[in-house]
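These notes are about the structure you will find just below.
The values are calculated or read from the model by the stated rules, or taken from the named source; none is laboratory data. Treat the numbers as computed from the prediction; the structure is a model and nothing was measured. Here the Cβ positions follow ideal geometry from the backbone for every residue, glycine too, while neighbour counts run over all protein chains shown. SASA here: full protein model, heavy atoms, side chains in, ligands and nucleic acids out. Shrake-Rupley method; radii C 1.70, N 1.55, O 1.52, S 1.80 Å.
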Amino acid sequence: MDYNFFYLAGIYGSGYMEEGVKNTAEVFNQLHPKAIVSSMLTIYPTSELYQEIQAGNWTEETETEKLYELRTLIGSLDIWHDE
């Protein structure tokens, strides 16, 4: 069975990316997706996550952190193969 995965950069929040990427790469490496599509998290003022930020319970990653997260994920993957 072929898998296509969607990855949302920034979902772990600032300060938690390293552990999150490690866990994600482990799953991706086990399941060998055919494709990985990514997008970056955008937080809207009407969202529950925005309320968590305002309450001090979660900190959004910067755009630079999100880019580093994607680079770290790609570097952690061992699923590339020729077809």
So, with +1 on the Cβ of K and R and -1 on the Cβ of D and E, and no other charges, what is the size of the charge dipole of the range 4-83 about its Cα centre, to the nearest 20 debye? 100 debye
Taking the chain as the reference, fit the longest principal axis to its C-alpha atoms, fit the long axis of helix 63-76 to the helix C-alpha atoms, and give the angle between the two in degrees, 0 to 90, nearest 10. 20 degrees
Taking all protein chains in place and a 1.4 Å probe, what share, in percent, of the accessible surface of the range 31-83 do carbon and sulfur account for? 52 percent
For a quick check, take a GNM of the chain with Cα springs below 10 Å and name the residue from 63, 52, 26 with the largest mean-square fluctuation. 52
Quick one: which residues, 5+ away or cross-chain, put their amide H under 5 Å from the amide H of residue 36? H built at 1.01 Å from N. 5
Label point distance in nm, residue 5-residue 34, each placed 7 Å from Cα along Cα→Cβ: 1.6 nm
Given H placed 1.01 Å from N in the peptide plane, which residues other than close sequence neighbours of residue 43 have an amide H under 5 Å from its amide H? none
Take the eigenvalues of the Cα gyration tensor for the chain, scale each by 5, and report the square roots as semi-axes in whole Å, largest first. 27, 13, 10
Rounded to the nearest 10 degrees, what's the angle between the helix 17-31 long axis and the longest principal axis of the chain, both from Cα atoms, 0 to 90? 30 degrees
How high is the relative contact order of the chain, in percent, with contacts defined as C-alpha pairs under 8 Å that are six or more residues apart? 45 percent
For the chain, what is the calculated [θ] at 222 nm in deg cm²/dmol (nearest 500), taking -39500 (n - 2.57) for each run of four or more DSSP H residues and dividing by its residue count? -13500 deg cm²/dmol
What number comes out for accessible area per residue over the chain if the probe is 1.4 Å? Units Å², please. 72 Å²
